[in-house]
Amino acid sequence: LRKKIDIKIINSCGEWDEELIENNFDFLKLSKLNFHKILPKKGLLSRLSLFIISAYSFIPLFYFVKKHKPNFLVIHLLTALPIFLSNFWGNKTKIILRISGLPKLNFFRKILWKYLGNKIYLVTTPTTLTRNFLIKNNIFDEKKIQVLRDPIINCKKINFLKNEKINENLISQNYYIAVGRLTNQKNFNFLINSFSKICQNLKTQKLIIIGDGEQREDLKKLIKINKMENSIYLMGYKKNAYKYIYNSQALISTSNYEDPGFVLYESVFLNKTIISSICDNGPRELYEIGQTGYFFKKNNFEDFKKNILDFENNDNFNLKLNS
């Protein structure tokens with residue numbers, strides 16, 4: 001018989017509040033204080049936020065695990081604290097480390113994972129390439145590392161949200177879309193410069209970028225320098241990005257790295273074409289699978305140009321007539 005599994009999300013300082021309310025998850029609060037909203041989330045100050053959360057959660061998390069003795073504790077992002085505390089919990093609670101992005105092996109992280117790796121029961125990665133990366137760098141015992149693909153969350157919800165009405169007037173025209181935080185990772189500088197060079201040769205001459213971040217002002221200046229104010233639009237953060245993706249001609253990703261790259265998978269789920277850089281690790285895996293979209297060499301303008309033109313000249317390409 002299948003045993004009943006009791007799963008709870010630990011909410012330390014309010015970081016899960018919105019998701020918990022919206023999705024009715026079962027959760028445990030480490031404290032009554034909710035201060036996550038006021039913590040810095042961008043730039044170098046975000047590192048300070050991690051330190052504050054760790055310091056604040058140290059004692060509550062220690063006593064929570066000692067009292068409840070869960071069989072497994074899944075850790076993600078803020079991993080140093082539970083790995084350290086595992087030295088004092090005993091062997092009842094096994095730690096599962098979830099790696100959901102291509103990890104940057106800085107000195108501290110490498111030391112933490114390598115020398116406290118014996119405290120970790122299992123490591124999961126979203127792609128095979130990330131698993132191979134960890135094995136190559138001899139971070140964990142190879143037998144502990146398993147590939148666990150990230151699912152598309154709540155397919156029914158996405159199918160509902162994609163049909164929500166778009167009110168912006170500029171969306172009455174055909175457009176390409178890019179989605180993500182305005183950071184170096186997403187490489188929007190390359191996208192803006194490249195799209196500006198070929199815009200006049202395209203059937204679809206509009207590009208919207210959804211997301212916010214520290215590069216917003218720099219990207220606005222770049223659009224102005226290229227005289228593309230009437231063709232490239234920074235839309236800011238949108239709670240429902242699915243409706244914009246669904247009504248686009250295709251999604252363009254110029255990222256420097258992704259692992260796995262949720263927006264790519266969500267776009268495929270919405271039956272949209274993707275035009276993506278071949279970057280580590282998720283997009284490279286999609287590229288190697290074949291027939292999943294159009295892929296260009298990272299930061300290579302000529303290859304970017306070739307692929308977007310190939311897409312537009314494909315016999316199956318039809319301009320979407322928006323009502």
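The values are calculated or read from the model by the stated rules, or taken from the named source; none is laboratory data. Keep in mind that what you see is a predicted model, and the values were worked out from it rather than measured. Virtual Cβ from ideal backbone geometry, glycine too; neighbours counted across all protein chains shown. Each accessible area value is taken on the protein alone, full model and side chains, heavy atoms only, with ligands, DNA and RNA left out. Shrake-Rupley method; radii C 1.70, N 1.55, O 1.52, S 1.80 Å.
Residues in the stretch 141-148 carry Karplus couplings, in order, of 4, 3, 5, 7, 9, 10, 7, 10 Hz; the curve used is 6.51 cos²θ - 1.76 cosθ + 1.60 with θ = phi - 60°, and Gly or Pro positions show x.
Residues F133, F190, F108, F72, ordered by accessible area of protein heavy atoms at a 1.4 angstrom probe radius and largest first, appear as F108, F72, F133, F190.
Between L33 and N118, the modelled labels are 3.6 nm apart [label points 7 Å from Cα along Cα→Cβ]. Database remark: amide H of V74 closer than 5 angstrom to the amide H of I96 (H placed geometrically; neighbours at sequence offset of 5 or more, or on other chains; Pro and chain starts carry no H). In this rough spin-label picture, where each label sits 7 Å from Cα along the Cβ direction, the I9-N132 distance is 3.3 nm.
For the chain, the antiparallel share of DSSP beta bridges with both residues in that region comes to about 0%.
Given R₀ = 45 Å, what would the calculated FRET efficiency be for K238 paired with N91, taking r from the Cβ atoms and rounding to 0.05? Spell out each step's value before the answer.
Working: r = 46 Å, r/R0 = 1.02.
Efficiency computed from Cβ-Cβ geometry: 0.45.
Applying the Karplus relation 6.51 cos²θ - 1.76 cosθ + 1.60 with θ = phi - 60° to the stretch 284-298 yields 3J(HN,Hα) values of 5, 5, 4, 4, 6, 5, x, 6, 10, x, 10, 10, 10, 5, 4 Hz, where x marks Gly and Pro. In a Gaussian network model over the chain where Cα atoms closer than 10 Å are linked, find which of P103, P283, P82 has the largest mean-square fluctuation. Maximum fluctuation in the GNM of the chain, among the listed residues, is at P103.
Relative to the longest principal axis of the Cα atoms of the chain, helix 301-313 runs at roughly 70 degrees. The slack between F108 and R216, meaning 0.36 nm per residue of separation minus the straight C-alpha distance, is 35.9 nm. Placing K162, K29, K4 in order of accessible area, with the largest value first and a 1.4 Å probe, yields K4, K29, K162. Note down the Stokes-Einstein diffusion coefficient of the stretch 212-322 in µm²/s, whole number, using a Kirkwood radius over alpha carbon pairs, 4 °C, and 1.567 mPa s. Approximately 85 µm²/s, per Stokes-Einstein. Remark on N11: its backbone amide H falls under 5 Å from those of L28, K29, L30, a criterion applied only to residues 5 or more positions apart or on other chains, H modelled at 1.01 Å from N. Centre-to-centre, using Cα atoms only, the stretch 202-243 and the stretch 29-104 are separated by 35 Å. Across the protein chains, with a 1.4 Å probe defining accessible surface, the residues D212, D6, D259 rank D6, D212, D259 from largest area downward. Among the protein heavy atoms, those of E312 account for about 0 Å² of accessible surface (1.4 Å probe, every chain in place).
Each residue of the stretch 234-250 was assigned a 3J(HN,Hα) from its phi angle through the Karplus expression (A = 6.51, B = -1.76, C = 1.60, θ = phi - 60°), giving 8, 8, x, 6, 10, 4, 10, 7, 5, 5, 6, 5, 4, 8, 8, 6, 6 Hz with x at Gly and Pro.
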